[in-house]
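Q: Before I ask anything, let me first share the structure, which is written out below as structure tokens.
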Amino acid sequence: MANNTTQDHVNGMDRPRIMMIYTGGTIGMKENPLTHALEPVDFEHLLDNVPKLKMLDFHIDSFQFERPIDSSAMNPNHWVEIAKVIEQNYDSYDGFVVLHGTDTMAYTASALSFMLENLDKPVIITGSQLPIGEVRTDGEENLITALQIAAARDRNNEHTIREVAILFENYLWRGNRSTKRSADNFNAFKSNNYPELAKIGLGITFNREALWRGKFANAPLKVHYNMDCNVLVMDLFPGIREEMVRHMLSTPGIKAVVLKTFGAGNGPSDPWFIDAIRETVEKGIVVVNITQCTNGSVHPYRYMTGMELAQCGVVSGHDLTSEAAITKLMYLLGRGMTADEVKNYMEYSLCGEMSS
Ligand code: ASP
């Protein structure tokens, strides 16, 4: 990683102080002249394309990954890298803007929301669908709006946003409620089970009732770096074979399974399927039921097929996104919890990730 100062601070303390963390993604990419494929380039290139940044009266410092990456290459070590920069600079900045590829942005946002316990400053993640050097880029506007949101304060001078959020085009979404919904549209993200935190139009209109307010005011930031990757995702489909299910569930080392079910949390009622799930739970593996639907929640007792899963000891993931379910399990397991403790915490919202 390299650390740069992009604007010297003159009256430093009076101006919002923002730390930008550049990880890569389309926003900072350029076309390779030989292959014509987009590749990440460095932060200086990105800044050269946004002269308007100087119009913001902010003190902006930046940090970039040693090698900026396409976010498809993200893994928990990169989340740790981002979280470290935030922890090391937490007291010196008003807010953080993370520039990130869109492909796995919702995973990073969800993971950071769990890793950064007691966060009470803005961590705004953004990127773009078109590289910042292109004429019709959405990157410039996203970057500037993200910085303005990271600097926003209420009338009582407190930070307006005190959570990890994704800013993209016309909306600010809670990070651990977001999903990438379009590979083409400028409005690439959506939170299907939670309202927007802000609407971006001529101005930035915050949806104050939807903003996260931590349960423990004034508690210090505590960063959890251990994420346990022994989590498996199993997406059901009509016709899924017993051998496939048993093969996946016998993956050595797995500690948790995110079971993506139909509708309100239903799965096949074949005895082999119920047996395979029951045996998995009995081995001490946590199985969490989330729905494949983009909107709505698991209701395990609405149908017989969902009830059978609940009776096997499958935990309801309520209206968690897939990204939040996976990263929440990684976080809880990373904290060394037993299967029963993990099951317990999966039923509670830790930082606004689910509705009930
Ligand atoms: N593949 C890119 C990435 O996730 C896509 C993007 O940034 O929009 O890094």
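Q: Taking each pair of different alpha-carbon atoms in the chain once, compute 1/r for the pair, average those values, and report the inverse of that mean as the Kirkwood hydrodynamic radius in Å to one decimal. Mind showing how you got there, number by number?
A: Values: mean 1/r = 0.0472 Å⁻¹.
It works out to 21.2 Å.
Q: Out of L99, S72, V281, whose Cα points farthest toward the positive end of the dipole of the chain (charges: +1 Lys, Arg; -1 Asp, Glu; placed on Cβ)?
A: V281
Q: Let me ask something else. Sort I204, I86, I326 from largest to smallest accessible area, using a 1.4 Å probe on the heavy atoms of the protein chains.
A: On the way: I204 55, I86 0, I326 20 Å².
Listed by decreasing accessible area, they come as I204, I326, I86.
Q: Short version: ³J(HN,Hα) in whole Hz for each residue of the stretch 335-348, in order, from phi by Karplus 6.51 cos²θ - 1.76 cosθ + 1.60 (θ = phi - 60°), x for Gly and Pro, what are they?
A: After applying 6.51 cos²θ - 1.76 cosθ + 1.60, I find 7, x, 6, 6, 4, 5, 5, 4, 4, 4, 5, 5, 7, 10 Hz.
Q: Please figure out what share of the DSSP beta bridges in the stretch 228-321 is antiparallel and state it in percent, rounded to the nearest 5. Can you show the working numbers first?
A: Working: 1 of 14 bridges.
Percent antiparallel among DSSP bridges in the stretch 228-321 is about 5.
Q: In Å, what Rg and Dmax follow from the Cα atoms of the stretch 111-245?
A: Radius of gyration, then largest Cα-Cα span, for the stretch 111-245: 17.8, 60 Å.
Q: Shifting gears a bit: Can you tell me the mean projection area, over all orientations, of the convex hull of the stretch 175-215's alpha carbons? Units nm², please.
A: On the way: hull surface 14.6 nm².
Result: a mean projected hull area of 3.6 nm².
Q: If Lys and Arg each add +1 and Asp and Glu each add -1, what is the summed charge of the other residues whose beta carbon sits under 14 Å from the beta carbon of F63? Intermediate values should be presented prior to the final figure.
A: Working: positive: R17, R67, K84; negative: D42, E44, D61, E66, E81, E87.
Within the 14 Å Cβ shell, the charges total -3.
Q: Take the solvent-accessible surface of the protein heavy atoms, probe 1.4 Å, and return the percent of it on the chain that carbon and sulfur atoms account for.
A: Numbers: 7730 of 15970 Å².
Accessible surface attributable to carbon and sulfur in the chain totals 48 percent.
Q: Still on this model: Search the structure for amide H atoms under 5 Å from the amide H of F189, placed 1.01 Å from N in the peptide plane, and list their residues when 5 or more places away or on another chain.
A: For F189, whose amide H was placed from the backbone, the distant partners under 5 Å are R181.
Q: Please report the antiparallel percentage of DSSP beta bridges with both residues in the stretch 100-258, rounded to the nearest 5.
A: In the stretch 100-258, approximately 70 percent of DSSP beta bridges are antiparallel ones.
Q: Now a separate question. Quick one: of the DSSP bridges fully inside the chain, what percent are antiparallel, nearest 5?
A: On the way: 22 of 54 bridges.
Close to 40 percent.
Q: Taking 29 Å as the cut-off for C-alpha to C-alpha distance, list the pairs among K30/K260; K222/K283; K84/K283; K180/K283; K180/K328 that go past it. Mind dumping the intermediate values first?
A: Working: K30/K260 37 Å; K222/K283 32 Å; K84/K283 35 Å; K180/K283 34 Å; K180/K328 18 Å.
Over 29 Å Cα-Cα: K30/K260; K222/K283; K84/K283; K180/K283.
The values are calculated or read from the model by the stated rules, or taken from the named source; none is laboratory data. Here the structure is a predicted model, which is why all the values come from computation and not from measurement. Positions of Cβ are generated from backbone atoms using ideal geometry, with glycine treated the same way; all protein chains shown enter the neighbour counts. What goes into the accessible areas is simple: the full protein's heavy atoms, side chains included, and nothing from ligands, DNA or RNA. Shrake-Rupley method; radii C 1.70, N 1.55, O 1.52, S 1.80 Å.
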